[in-house]
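The values are calculated or read from the model by the stated rules, or taken from the named source; none is laboratory data. Because the structure is predicted, anything quoted here is derived from the model rather than measured. Methodologically, a virtual Cβ is constructed for each residue, glycine included, from the backbone with ideal geometry; neighbour enumeration extends over all protein chains shown. Only protein heavy atoms, including side chains, enter the accessible area calculation; ligands, DNA and RNA are left aside. Shrake-Rupley method; radii C 1.70, N 1.55, O 1.52, S 1.80 Å.
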Amino acid sequence: MSKRLIQAIALAAIATSGLMIFESCNSSSGQQGNVLVPDVTLSNDKSVKTKLSEIFDDFKVVQLSTSDSTLISTREIKIFKRNGIFYIQSANDIYQFDKNGVYLSALKRNGNGPGEYTGINDFDIVKRDGKTEIWVASMKNILRYDAANLEYLGDIQEDFFVNQIKYVNDSTIFCTTNENKYFRVIDIDGKQKGEYFDVDFPNSLQRQHGFKIHDGYVTYQFSNSDEAMTYSIDKKEVGITHVLPMEDYFETMAIGDEYYEKYDMKFGSMLAEKYVEITNYQQLGDKTTVTSRWPDKKWKYTVGGKGIESATYTYFPESESLIENDILTDADPRLLATQVCSDSDDSILFIDEYSEESNPRLLEVFKLK
């Protein structure tokens, strides 16, 4: 893997690791005090080196096909996998590959004309009426395309800049914006149904896959803290909850506020010297994986779940790694950090850009031991 992808992940998380500080508005405490992932702890560090194939039970390496017209930049990469198709954003294009990495098509509509976007702030893969659509957030619009033939289907126009999007159903579409209220809920016609949390710090980290659907709730983790927004899809109530069972070494929004007041723009680096950053979590069946960065500059990978003991492995720096990568032996040792870039309906994905002359490899994990 070249350093471009790893640097993009690390710098985005470190340089902009500021927490978004909010004041609740029209919120409910229905989820307050609950935990999204109650059965995982980061405190059980392993001391014996373990092969990656002993952590990942069922996996597949997918080499994305390469040509002059399909060479993907991983600088701002974001990947979905839905129904056996990979959808990969590379700059202002969205590529489709089949489950074996064979190139299928590419959405390339950068421009100012009808059905074109001036840039991709975010995208989502949406299932509606038995068809799959690609939604692109660009400026104050959400543009819709048929994933099968890339036909333009229309747009949803808003009066705010749309940074990120998550389709739940036609009456519940989540957006983020840096204007006034951070979270907006709209419907398929663009009508605003709700707005939540005042934006207090506009340069906070926007997660590549910030929105998740979790047990009937839409969730969004605030930066690298142990807190997340929760929105009940049925009750339409919003609250704040912990991601993992709270530990005194986790970042919180209140701590972020305190450090910002004290250290101004240096607060991110100061936080990283004292608190553990929860950089990503992914769920696969009844198990959860968590990536974290620690004040001693170690990067760790945790696997846990209901009824099993959590296990935490240091994987970076390489000299102190307790994971032997026997699956992709030539991969960058920070490969496990790349799960933050991907969202799959049947696996956990990792990205290995091992060559600048070819497209990346994907490590697809279907089952954890």
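Here are some notes:
- Residue, surrounded by the fewest Cβ atoms within 10 Å (Cβ to Cβ), within segment 243-260, restricted to residues that are hydroxyl-bearing (Ser, Thr, Tyr) and part of a loop (DSSP other than H, G, I, E, B): TYR249
- Matching residues in segment 58-71 - criterion: being in contact (Cβ under 8 Å) with a residue 60 or more places away in the chain, open to solvent by 10 Å² or more (accessible area, probe 1.4 Å) and farther than 26 Å from ASP326 by Cα: LEU71
- Candidate set from segment 146-184 (those that are over 17 Å from the mean Cα position of the chain (by Cα) and of a type in the set (Lys, Arg)); member that is nearest to GLY115 (Cα to Cα): ARG184
- Residue in segment 91-112 that is out of contact with any His (no Cβ under 7 Å at 6 or more places or on another chain), farther than 30 Å from ARG361 by Cβ and open to solvent by 10 Å² or more (accessible area, probe 1.4 Å) present: yes
- Residues located in segment 187-246, provided they are at pLDDT 90 or above and β-branched (Val, Ile, Thr): ILE188, ILE213, VAL218, THR219, THR230, ILE233, VAL238, ILE240, THR241, VAL243
- Looking only at residues in segment 261-278 that are in contact with a helix residue (DSSP H, G or I) (Cβ under 6 Å, 6 or more places away or on another chain) and surrounded by 21 or more Cβ atoms within 10 Å (Cβ to Cβ), the one that is farthest from PHE350 (Cα to Cα) is PHE267.
- For LYS287, the requirement of being over 19 Å from PHE97 (Cβ atoms), of a type outside the set (Phe, Trp, Tyr) and open to solvent by 50 Å² or more (accessible area, probe 1.4 Å) is not met.
- Of the set (1) open to solvent by 40 Å² or more (accessible area, probe 1.4 Å); (2) closer than 28 Å to GLN283 by Cβ; (3) not acidic (Asp, Glu), all apply to TYR182 but (1).
- Any hit, segment 157-172, residues being among the small types (Gly, Ala, Ser) and either touching a strand residue (DSSP E or B) at 6+ places or on another chain (Cβ under 8 Å) or modelled with pLDDT of 95 or more (or both): yes
- With respect to the conditions (1) surrounded by 14 or more Cβ atoms within 10 Å (Cβ to Cβ); (2) part of a strand (DSSP E or B); (3) modelled with pLDDT of 95 or more, GLY154 lacks only one, and its number is (1).
- If the condition is being assigned to a loop (DSSP other than H, G, I, E, B) and within 21 Å of ASN121 (Cβ to Cβ), then segment 53-103 contributes ILE72, SER73, THR74, ARG75, GLU76, ILE77, ALA91, ASN92.
- Residues of segment 306-323 satisfying the condition of being open to solvent by 80 Å² or more (accessible area, probe 1.4 Å) and not polar (S, T, N, Q): LYS306, GLY307, GLU309, GLU318, GLU320
- Against the list (1) assigned to a loop (DSSP other than H, G, I, E, B); (2) among the polar types (S, T, N, Q); (3) more than 22 Å from ARG361 (Cα to Cα), the condition THR132 fails is (1).
- Looking across segment 104-121 at every residue that is in a strand (DSSP E or B) and either hydrophobic (A, V, I, L, M, F, W, C) or in contact with a Lys or Arg (Cβ under 8 Å, 6 or more places away or on another chain) (or both), the one that is nearest to ASP346 (Cα to Cα) is identified as LEU104.
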